[in-house]
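The values are calculated or read from the model by the stated rules, or taken from the named source; none is laboratory data. What you see is a predicted model, and the numbers here were worked out from it, not measured in a lab. Here Cβ is always computed from backbone atoms with ideal geometry, including for glycine, and neighbour counts include all displayed protein chains.
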Amino acid sequence: MRLFQYLLGLLIGFCIVSFVHTSRSQAATTGAPFIVKPLGTQAEKGYFDLSLDSRTQQPLQIQVQNTSSRPLTLATKVVTATSNANGIVDYVNSGNTDPSLPYALPQLIKNAKQTITLRSKETKTIDFLLQTPSQSFTGVLAGGIHIYPKSNDQPLQPIKANRIKHRFTYTIATLLRSQQAASAPAEKFNLGKINLTHRHAANAIQVDIHNQAPLFRYRARVEGVVTAKGSKQPLYTQQQKVDFAPNTILPLPISLNKTAFKPGAYTLHLNVKTKAKNWRFTKNFVVSAAKAQQLNQTDAYEHWRQDRNLVLYLIIFSCGALTLIVLLIYLVKRSVQQRKQYCQNRRLPYRSN
């Protein structure tokens, strides 16, 4: 019994050591080729969260380390935080901002060098300078400092079958508040344009929701319902929880559920519900025949709809043909029975043709 326990313990220990070794090998093989971290008082947070006076210069430092075995050139870019169509605050790909945005971080944060080259295992510091606006503002300015490998120095290799080429980037979120703000801003939403478009190559209606306040709004519930003008019957609906970045335009997609655009007049009913308030909007729009034809022809499901219609026509034709055959058989049998009955009544010999 003791021998069994001893051997079992050795087996378990061997498995643990093998697992740890494998995990470390995979991390070394597939890990990011560089790491970054903010320096100074913001190091523990992992991002910059600043509250400053007007006309103030604030140095920002980010440490980068090349963990790969070859030289690496990194590029930097400052972006404004926006909300994307998935309802997520995006600190990397700057989308559309609302005209109410008082200042954009790319205008306030500058660095002398747009690129930096590191030798293998080398560590350097990237220096940025934040110049706060000349006038105070309310709420928060949000964005990010994006650091990524420069494409020219990191050529993509041909991708082998069943393998994915990874491109690692880092973004350090940056939030700026004014110490001289007199009062907290009020929440404000508005309904913008209604666009007929494609999402993932499929027909969709895009509704622009404007967050006109310098505030984050997390887990807001949005519901969009499209009806024919003058009707209460929903044609297309979209419900989801979204996060609004300050002073951003969120493009809410409403799917047509694989159907085609039909020309006509429609009404959008939009509801945006936050913890503070329930915002309701209504707006009419028109789908022209030319626009419907243009989008339907390039819709990913157009061939699927045509094939479905062809199948439907074949089913209808088959059912009609089968019904006709059954009817003919019935009429023939009925005619034969009537002739038999006639001959029996007349006591005549029955001859089948």
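Brief remarks on what is shown
- If you go through the range 57-79 and keep only what is surrounded by fewer than 13 Cβ atoms within 10 Å (Cβ to Cβ) and under 15 Å from Leu129 (Cα atoms), you end up with Gln57, Pro59.
- Among the residues of this structure, Phe261 does not count as one that is in contact with a Leu (Cβ under 9 Å, 6 or more places away or on another chain) and part of a strand (DSSP E or B).
- Residue that is within 29 Å of the chain's Cα centre (by Cα), outside any strand (DSSP E or B) and at pLDDT 95 or above, where the choices are Pro155, Pro99: Pro99
- Scanning the range 317-339 for residues that are hydroxyl-bearing (Ser, Thr, Tyr) and modelled with pLDDT under 75 gives Ser318, Ser335.
- Residue list for the range 47-72, restricted to those being more than 27 Å from Arg119 (Cβ to Cβ) and outside any strand (DSSP E or B): Tyr47, Asp53, Ser54, Arg55, Thr56
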